[in-house]
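Notes follow once the structure below has been shown.
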Amino acid sequence: MKRDIETRADIERLLTDFYSIAMADNKIGHHFGGLNLDHHLPMIANFWEKILLGNPVYFNNPLSFHQVLHAHSPLLPEHFAHWVSIFAATVDRLFAGETADLAKARAQAVANVLDQKLNGGVKIEKRTK
């Protein structure tokens with residue numbers, strides 16, 4: 001039986017697995033070109049630790065980082081939807097429980113906000129396979 005996301009180590013495991021898939025993905029992998037995971041993973045783990053575990057460890061603005069990416073290579077609604085799909089599948093493969101469900105819901109919300117801010121887009125609905 002899978003356990004829930006409970007610790008920083010769980011979040012780091014989730015993110016390591018997620019990025020190994022996303023960076024190699026033919027639809028969104030190009031957005032991660034040149035990303036230094038040694039630098040990025042601790043920062044993004046702080047983001048998710050704050051969101052999922054309530055620990056006040058993230059103080060940056062994720063929108064500003066994504067605005068730079070978007071200027072270099074547009075982050076389109078379909079990219080956000082695919083990102084959510086990979087993230088949710090990674091969560092489901094590794095974890096189960098209330099915090100795992102929260103992680104998937106928050107990923108959807110983050111994608112919706114970023115798409116709205118960058119593209120003026122409409123809400124991205126969860127896609128089923």
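Every number here is computed from the coordinates shown, using simple stated rules; none is lab data. All of these numbers come straight from a predicted model, not from anything done at the bench.
Points worth noting:
- In degrees, nearest ten, helix 77-94 long axis to first principal axis of the chain (Cα): 10
- Comparing Asn60, Asn112, Asn26 in a Gaussian network model of the chain, where Cα atoms under 10 Å apart are tied by springs, the biggest mean-square fluctuation is seen for Asn26.
- Note: relative contact order over the chain, using C-alpha pairs below 8 Å and six or more positions apart, is 32 percent.
- Calculated mean residue ellipticity at 222 nm for the chain: -21500 deg cm²/dmol, from DSSP H runs with n ≥ 4 weighted as -39500 (n - 2.57), summed, divided by the residue count and rounded to 500.
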